[in-house]
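Throughout, read-outs are computed from the coordinates displayed, never taken from laboratory work. All values derive from a computational prediction rather than experimental measurement. In this analysis, Cβ positions are derived from the backbone assuming ideal geometry, glycine residues included, and neighbour counts consider all displayed protein chains.
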Amino acid sequence: MLKARLKRTAILSAIALVIGGGIGFYQIQNETARVTQKASSVAPMAGGAQVGGGFALIDQDGKEVTENDYAGRYKLIFFGFTFCPAVCPTELQKMARVLDQLENPNIQPIFITVDPERDTAQVMKGYVGQFHPDIVGLTGSREQIDKVLADYKVYASKVENDMMDGYMMDHSAFIYLMSPNNALITLYPAQDTAEQIAEDIKKRLNAS
């Protein structure tokens, strides 16, 4: 009787674990889909307002940097956060493929966090290193990051979520192509493939 009861308890525990894991996976997938939909619908107002500008941030090595550290180079910039379950790693993988296709040392890829409270320089270093050796990760104080978000017309909002260390970040998901003098050239939405982006950049650079 005791053996049967223990066996039944073990089976029920296993079922509960599977169901719990499934619910957790569903919640993460649902959250990812919601963030992706929101991110794709919020575009910077590049038509009338200036997008971009100077910044003073901290790179993944803990060094203070400004836009002048990347002067004379085109920049591919993506805004996100390291706790992002799908959108950010997908876009950074895409950026890495673009860089491999272009093989252009005059293009500097940059990942700027929208979540500086969790994304310290050390965290950023471990994160960006997983995608491409040339990608620079930038963080800073909340005030510094908020200034950059405002200048680049980035949408970012904290959303409470117990599954993701307390909260997630809703944020716009565009890759910015910036000129050597830090002016916005164009935006690439999440729907664009690495091949489409690389081809567009080649055409723009050849025409300049």
So for the pair Gln101, Leu187, with labels modelled 7 Å out along Cα→Cβ, what separation do we get in nm? 2.1 nm
Take the alpha carbon atoms of segment 147-208, find their center, do the same for segment 78-93, and report the distance between the two centers in whole angstrom. 11 Å
According to a simple spin-label model (label point 7 Å from Cα along Cα-to-Cβ), what is the distance in nm between Ala56 and Asn206? 4.2 nm
Please name whichever of Val114, Met124, Ala56 sits farthest to the positive end of the charge dipole of segment 41-207, dipole taken about the Cα centre and charges placed at Cβ: Lys and Arg +1, Asp and Glu -1. Ala56
Can you tell me which aspartates and glutamates have their Cα less than 18 Å from the Cα of Lys203? Leave out same-chain residues fewer than eight positions away. Asp100, Glu103, Asp192, Glu195
Would you please classify the overall shape of segment 83-174 from the alpha carbon gyration tensor, given that a ≥ b ≥ c denote the square roots of the eigenvalues, rounded means a/c under 1.5, and beyond that prolate means a/b larger than b/c while oblate covers the rest? prolate
Beta bridge orientation in segment 41-207: antiparallel %, DSSP, nearest 5: 65 percent
For segment 41-207, what does the equivalent ellipsoid look like in terms of its semi-axes, each the square root of 5 times an eigenvalue of the Cα gyration tensor, given largest first in whole Å? 23, 17, 17
